[in-house]
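Structure first, commentary second.
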Amino acid sequence: MPTPVSSNQTISYLSRRFAEAGIRLNTRHGQNFLIDLNLMRLIVERAELLPSDVVLEVGTGTGALTALMAPRVAAVVTVELDSHLYRLASEELFSFSNVVMLAQDALKNKSTFDSRLIAALQQQLAAGPHRHLKLVANLPYSVATPVIANLLSAAMLPESMTVTIQKEVADRITAAPGTRDYGSLSVWIQSQCRVELVRNLPPTVFWPRPKVASAIIHVEVDEQLRGRIPDPAFFHDFVRSLFFHRRKFLRSVLQNALKGRLEKPAIDEILIQTGLSPESRAEQLDVTAILGLAEAVRARLSQKPDD
């Protein structure tokens, strides 16, 4: 029986296995493999996996992280776009009956998960009582932001997300108001989740070495926070439009975003109602203020013309 790849995720081992399998890495797919077993264990431990959990892993890679998670959970649904890596991981994970492997892209487009992936997750979640979804992955850089952001809008809400991502993205997710990195992604995630920066990672813990630093983050969905958002789809769109011209004054941004739907006097009334200065900027507003502004706009839009 071959030694599990999770025990041999070293440069020499991977180089040999890739050569044997005729695999050439595609940098366009963000293929950087975590070669520190202790860090893989840290990811699994921080995810706090339970026997009732269904794990979504985007980017199977060699199956090393998958093999660490599978014995702990009800099922792992893992997605790999690269057909050569898919075949290699299939060999490594053959003995795990609770691993569902998909050879495809996780995303249909930038805003939507592929329907086949959604169906596979729903099937596993329905296969047993009290099952919960968790995202645990060494996410490819190219899809990290859409995977994390879209999962909070998906048909099934994750309980948590524990992932390695580009440090630049981690900085945006954890950013505070008034900072350079604060934007729509910060607000969208912080409005409904508790976010923890678990560990910063240098390029040296990956192979091939990326040109940028990475980070492990743990994002936990908070139902109480999420309950403040009556219409998540509206809020998501509103937040993105609010930061589309982040340096413009708030009044001007709202006029552009709501053109044809609300007149200028109505926008001025909303700003007075929410206590926000017309000359403030979206990047200066904390999450609570943006939640209040979004709800005031949504309420005004829902009014009949003769109200």
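Within the chain, which complete DSSP H helices have Cα atoms spanning at least 20 Å along the helix axis and a mean Kyte-Doolittle hydropathy of 0.5 or higher?
Working: long enough: 287-302 (22 Å, 1.07).
Qualifying helices: 287-302.
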task: Would you list which lysines come within 19 Å of K167, measuring only between C-alpha atoms, while excluding same-chain residues fewer than 8 positions from it?
output: K211
Debye log10 I(q)/I(0) at q = 0.16 Å⁻¹ for the chain, Cα point scatterers: -1.24
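Can you give the net charge of the other residues whose Cβ lies under 14 Å from the Cβ of E48, counting K and R as +1 and D and E as -1? Could you put the intermediate results ahead of the total?
Working: positive: R41, R46, R72, K134, R194; negative: E45, D53, E159, E196, E220.
Once positives and negatives cancel, what remains is 0.
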- line: Excluding residues fewer than 8 positions from K259 in its own chain, the lysines with Cα under 26 Å of it are K110, K248, K304
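Roughly what % of DSSP beta bridges within the chain run antiparallel, to the nearest 5?
Working: 19 of 38 bridges.
Expressed as a percentage, antiparallel bridges in the chain total about 50.
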- prompt: Could you give me the ³J(HN,Hα) list for region 205-216, computed from phi with Karplus coefficients 6.51, -1.76, 1.60 and θ = phi - 60°, whole Hz, x at Gly and Pro?
  reply: 8, 10, 9, x, 5, x, 8, 10, 7, 10, 7, 9
- prompt: For the pair K248 and R199, how long in nm is the line joining their label points, each one 7 Å along Cα→Cβ?
  reply: 4.4 nm
task: Evaluate the distance, in nm, between pseudo-label points positioned 7 Å from the Cα of E48 and of Q224 along their respective Cα→Cβ axes.
output: 1.4 nm
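Rounded, prolate or oblate for region 232-302? Axes are the square roots of the Cα gyration tensor eigenvalues, ordered a ≥ b ≥ c, and the cut-off for rounded is a/c under 1.5.
Working: a/c = 1.18, a/b = 1.06, b/c = 1.11.
Cα axes put region 232-302 in the rounded bin.
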- prompt: Where does the charge balance sit around Q104 when Lys and Arg score +1, Asp and Glu -1, over other residues with C-beta under 12 Å from its C-beta?
  reply: -2
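Every read-out reported here was derived from the displayed coordinates using simple, explicitly stated rules and does not represent laboratory data. In this text, all values refer to a predicted model and were calculated from it rather than measured experimentally. Methodologically, a virtual Cβ is constructed for each residue, glycine included, from the backbone with ideal geometry; neighbour enumeration extends over all protein chains shown.
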